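Where a number appears in this text, it was derived from the coordinates with a stated rule and is not lab data. As the structure is a prediction and not an experimental result, all values here were calculated from the model. Methodologically, a virtual Cβ is constructed for each residue, glycine included, from the backbone with ideal geometry; neighbour enumeration extends over all protein chains shown.
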Ligand SMILES: [Zn+2]
């Protein structure tokens with residue numbers, strides 16, 4: 001009896017899921033209400049509302065918007 005383990009079989013039989021970045025819902029990509037490409041990444045949404053929110057401010061949900069914390073302080077010596 002042979003049993004293989006530790007092998008991921010990426011066949012096209014199983015659905016692929018993504019996390020809706022707006023509300024955190026698990027969305028099946030082929031059934032997503034909408035999708036948007038941003039910064040080389042594709043994002044899937046559970047509803048049009050979430051897609052619209054994302055498109056209004058993608059950085060807010062991808063963590064790329066400039067927050068208050070910066071790696072370099074404004075008073076760096078030059
Ligand atoms: Zn959503």
* Could you put 44, 38, 61 in order, starting from the residue whose Cβ has the fewest other Cβ atoms within 10 Å? -> 38, 61, 44
* **Taking only Cα atoms of the stretch 17-62, radius of gyration then Dmax in Å** => 9.1, 25
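I'd like the FRET efficiency for residue 55 and residue 23, computed as 1/(1 + (r/R0)^6) with the beta carbon distance as r and R0 of 25 Å, rounded to 0.05.
0.95
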* Asked: Taking neighbour counts of Cβ atoms within 10 Å as a proxy for exposure, in what order, fewest first, do 57, 20, 49 appear?
  -> 57, 49, 20
